[in-house]
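Asker: One structure follows; several queries about it will come next.
The values are calculated or read from the model by the stated rules, or taken from the named source; none is laboratory data. It should be emphasised that the depicted structure is a prediction, and the values quoted were computed from it without experimental measurement. Glycine also receives a Cβ, built like all others from the backbone with ideal geometry; neighbour counts cover every protein chain displayed. Just so you know, the surface numbers come from the protein's heavy atoms only, side chains and all, with ligands and any DNA or RNA stripped out. Shrake-Rupley method; radii C 1.70, N 1.55, O 1.52, S 1.80 Å.
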There are 2 protein chains.
Amino acid sequence: MIKSTALVAPAFRQLLKRRAIRWSSSCAAAAQTHTPSFPCVDAHAIRESRILASSLPRFSQTPSTPSTDSGPEPPYARPSPLSYKVYHHPSPFQLTYSETLPSFDIAYETWGTLSPTRDNVILLHTGLSASSHAASTPSNPAQGWWEQFIGPGKALDTDQFFVICTNVIGGCYGSTGPSSIDPTTGKHYATRFPIVSIFDMVKAQFKLLDSLGVNRLYASVGSSMGAMQSLAAGWLFPERVSKIVSISGTARSSPGSIAMRHAQRSVLMADPNWNKGFYYDDLPPHTGMKLARQIATITYRSGPEWDLRFGRKLRDANTSGGVPSDESPRTPTLCPDFLIETYLDHQGEQFCLKYDANSLLYISKAMDLFDLTLPALEQLGMRPSQQLFSPSDTSQAVSHSKSHLPPARPAPHLPELAEGLNQVASIPTLVLGVQSDILFPVEQQRELVDALRMAGNSQVSYFELGGVWGHDTFLLDVLNVGGAVRGFLS
Amino acid sequence: MIKSTALVAPAFRQLLKRRAIRWSSSCAAAAQTHTPSFPCVDAHAIRESRILASSLPRFSQTPSTPSTDSGPEPPYARPSPLSYKVYHHPSPFQLTYSETLPSFDIAYETWGTLSPTRDNVILLHTGLSASSHAASTPSNPAQGWWEQFIGPGKALDTDQFFVICTNVIGGCYGSTGPSSIDPTTGKHYATRFPIVSIFDMVKAQFKLLDSLGVNRLYASVGSSMGAMQSLAAGWLFPERVSKIVSISGTARSSPGSIAMRHAQRSVLMADPNWNKGFYYDDLPPHTGMKLARQIATITYRSGPEWDLRFGRKLRDANTSGGVPSDESPRTPTLCPDFLIETYLDHQGEQFCLKYDANSLLYISKAMDLFDLTLPALEQLGMRPSQQLFSPSDTSQAVSHSKSHLPPARPAPHLPELAEGLNQVASIPTLVLGVQSDILFPVEQQRELVDALRMAGNSQVSYFELGGVWGHDTFLLDVLNVGGAVRGFLS
């Protein structure tokens, strides 16, 4: 790498010079020849000048109060540093991919009351970018990311259960991640942070459970990446997990979802501000984050929802890429013209300074790497602790849900996934999927159900939801998602 | 805009200075502290230094011979400037959105023989980035983008038909577009090029037909954006189009497809090299083009195809982001690890210097703007020339294909689309859709069919294809797409 850096640096410097010259000359030219205006592009430079000029926080481990102007989107609310607890693990922690962390912190919040026998604990796992603030608490009354699902009489009934939610390892809301200080150097880890896996996130959570004296979970519950963790918890600690809830997740990331995350990582890492991850003392890659979030938002919702919500409506005449404009919305431009575009733009804008770019990269990669097929587990040196069913059983063991037909062409890896999931064959599991989800398509939900049943799990509940909310259904559909979870847990 | 440019420029200059300093200091730091390497990011700078150092052509109107190493992907072959004909329109040309072009060129190629009565002409419309080189010719033997569909006995049978394919207005393969020289200034149009519509592309094509003495088309045929043009040709010149073929297209761009194109435009326009479109005398926005093409590729194929083709296979040990690497593929990185990632990377890399960035923006926007509902047409001042059916007919007029059920919730704009399509109610039309297409979903194909029938068109043929090739099926499925087209045209 030193070689290629050396190769490029002179050309890069020359380019920077040329660009600076070009910028000035375009300014001069603009006055003379009416260079077209692009407020959606200027928005990036204006945001940057705002960051440079103001006290607007670059990302840090002490995020400010979440904004409440994100419209109908569920806010991924962030706790203040005083509103969550921190478990500190003082000794080296072995990671899946050979490296160790010298120590780590896990930020967590709780709801409800721990029973005297500590047998009423629900561990709630988060999606990619969420904090431990799943619901409001006395010390942080801001709405949490699963506010409507946690509380007395709700899906996670705090009259009955003690709910724990953590910020994952690799995250940026109080748990150790790339934005944390490496105790061995006194500097931000940045991209010297080791690659973490979904298993590492769960193992770290169980160190927290150990510290709380919780031996066995009443349930491991999660949606999206949280569903991966939920399954991984059952796999790693089958004797410590009584029930598993997997909502819009998967046991094996597909190339389609890897592709969509790859596109996000690519645009983020191409932002010069990213600077190979070493931006903590400089400007953050806010443009790359905005662009990545736009792509992510496309995968979180669905076309049918947008048909209903936006159709082909044009943007408001007074905004264009977040910048006031005098142009009539009836004259098309290369910048956003349609409401769907300003929606994506707004989603990206809201997110781009709220979350750490390196955390996004590491956690996104952890999702790609998740694979519970037996060969993949064995490659990691992970041997199942339970007796495997005989491979010859597979042809007989498939028992399709009453709610879906057998796949026309069963995935070739289905038996291997069943072998991997044999480890959780005795844990009652709720699988919930959404037909309009394009990130974790319904076929993956059915595959998970088929593999669990093939593995001999006779206590698999499966619900398939309609509706137009796509992957984000788990954040929005309190009635159906909440109802299914509440029913399964009661 | 002058105002916001003035606001930003000093901050921007300051940033450029800081970035230049940071780059040097990171180089120094790298030697001391083993900065992690990111070959997938260095690839952009290496490509840039290659462009700066070599004679590797920046995009121009004289593209070089297409590379043939794009693997199993259909190459969008480019003609040499001597291998296509050019129609020059010397007088001002009125565009949909109020501006005029002072003159224009249309590049075109032909196959087969024009009949003495000039009644055997098929006008073949292209997708977004294709040239007029749909099939090999004596003067350009390179494979065309629809090579297997054009020739004696093929879908477009050159024993019977005279096939014409043009490069669209706004394109960059010989037709007038943003990379062309504005005759009024002697400089590249760049983003001073006016916004063009699908209607403008078709009107320009009909000026070419006029010059060839072709009064009436045997058929207007197109896929993807070409299908939009195919419908638009029927709408603009109903008396000059005998048959319409629409493959994987739409009569009304949906917010879902606008979203995906918006994401591409956003990443491209955020590339500093794009420079508001004025890059023709400088470095092209190759990184933005690469990133945009990665996103586009995701929309062109399908998850199920990638499941079969790539699964979770890891990349070759010897490549990472196009740059040789010594890393073991078994150690995950933040750069591509999976074969699906290197596939997307390769697709972007192949494309990023082949096509003009501004053409991509203009043509992508033209697709977004396409809407054949009556209110949208009327907003553009486009009045149908034919008698409209009475709106009261709509409830009775729906006649669903035998091959698909009525939609559970008919789109509210269906009657408006039927009103718009009344203009083509007497033209036999073939609609062909693909169930795995995520860019022009099968629901849009059904909507088009329903609207045509609702408009009173009694000669609508509809085929719905399975398979895993997604939107690109029209390039790949010679048997089924070719068979349907050949059957309809014969």
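Asker: Please compute the average number of Cβ atoms from other chains found within 10 Å of each residue's Cβ in peptide A:293-303.
Answerer: 4
Asker: What aspartates and glutamates could a cross-link reach from residue A:243, if we take a straight Cα to Cα line under 16 Å and drop same-chain neighbours fewer than 8 places away?
Answerer: A:119, A:157
Asker: Right, next: Label position 7 Å from Cα toward Cβ: report the copy-to-copy distances for residue A:141 in nm, one decimal, ordered from shortest.
Answerer: For residue A:141, the other copies' label points sit at 8.0 nm, shortest first.
Asker: Under the convention of a label 7 Å out along Cα→Cβ, give the distances in nm from residue A:385 to the same position in every other copy, shortest first.
Answerer: 7.8
Asker: Which entries in A:187/A:276; A:276/A:365; B:85/B:203; A:85/A:276 show an alpha-carbon gap greater than 23 Å?
Answerer: A:85/A:276
Asker: Taking a label point 7 Å from Cα toward Cβ, how far is residue B:308 from its twins in the other copies, in nm, shortest first?
Answerer: Spelled out, the distances from residue B:308's label point are 3.3 nm.
Asker: Nearest 100 Å² is fine: how much accessible area is buried between A and B, summed over both sides, with a 1.4 Å probe?
Answerer: In total, this chain pair buries about 8500 Å².
Asker: If you don't mind, there's one more thing I want to ask. Going by amide H atoms built from the backbone, whose H comes under 5 Å of the H on residue A:245, apart from near neighbours?
Answerer: Sorted by chain and number, the residues that satisfy this are A:220, A:221, A:222, A:430.
Asker: Quick one: what are the phi-derived ³J(HN,Hα) couplings along segment A:244-260, Karplus 6.51/-1.76/1.60 with θ = phi - 60°, whole Hz, x for glycine and proline?
Answerer: Computed from phi, the couplings for segment A:244-260 are 10, 10, 10, 10, 6, x, 7, 9, 6, 4, 8, x, x, 6, 4, 4, 5 Hz.
Asker: For segment A:109-115, in order, what is each residue's ³J(HN,Hα) by Karplus, 6.51 cos²θ - 1.76 cosθ + 1.60 with θ = phi - 60°, in whole Hz (x at glycine and Pro)?
Answerer: 10, 9, 9, x, 10, 6, 6
Asker: Here is a further query. Beyond 16 Å, how much of the Cα-Cα pair distribution for segment B:100-173 remains, as a whole percent?
Answerer: The share of Cα pairs beyond 16 Å in segment B:100-173 comes to 50 percent.
Asker: Convert each backbone phi in segment A:483-490 into a coupling constant with the Karplus relation 6.51 cos²θ - 1.76 cosθ + 1.60 (shift: θ = phi - 60°), then list the ³J(HN,Hα) values in order as whole Hz, x for Gly and Pro.
Answerer: 3J(HN,Hα) across segment A:483-490, in whole Hz: x, 5, 5, 4, x, 5, 7, 7.
Asker: Another question, then. Where does the charge balance sit around residue A:262 when Lys and Arg score +1, Asp and Glu -1, over other residues with C-beta under 12 Å from its C-beta?
Answerer: Net charge around residue A:262: 0.
Asker: Let me ask another. Grab the alpha carbons of segment A:165-241, take their convex hull, and tell me the volume per residue in Å³.
Answerer: With only Cα atoms used, segment A:165-241 gives 100 Å³ per residue.
Asker: While we're on this one: So for segment B:420-490, what percent of the C-alpha to C-alpha distances run longer than 14 Å?
Answerer: Result for the distance tail: 58 percent.
Asker: Let me ask something additional. Between beta-carbons, use under 10 Å as the cut-off and find the net charge around residue B:35, counting Lys and Arg +1, Asp and Glu -1.
Answerer: Spelling it out: positives minus negatives among the neighbours equals +2.
Asker: How high is the FRET efficiency from residue A:99 to residue B:85, r the C-beta distance, R0 51 Å, rounded to 0.05?
Answerer: That pair, residue A:99 with residue B:85, gives E of 0.25.
Asker: Another one. Note down the net charge around residue B:451, summing +1 for each Lys or Arg and -1 for each Asp or Glu among other residues with Cβ under 11 Å from its Cβ.
Answerer: Combined, the nearby Lys, Arg, Asp and Glu give -1.
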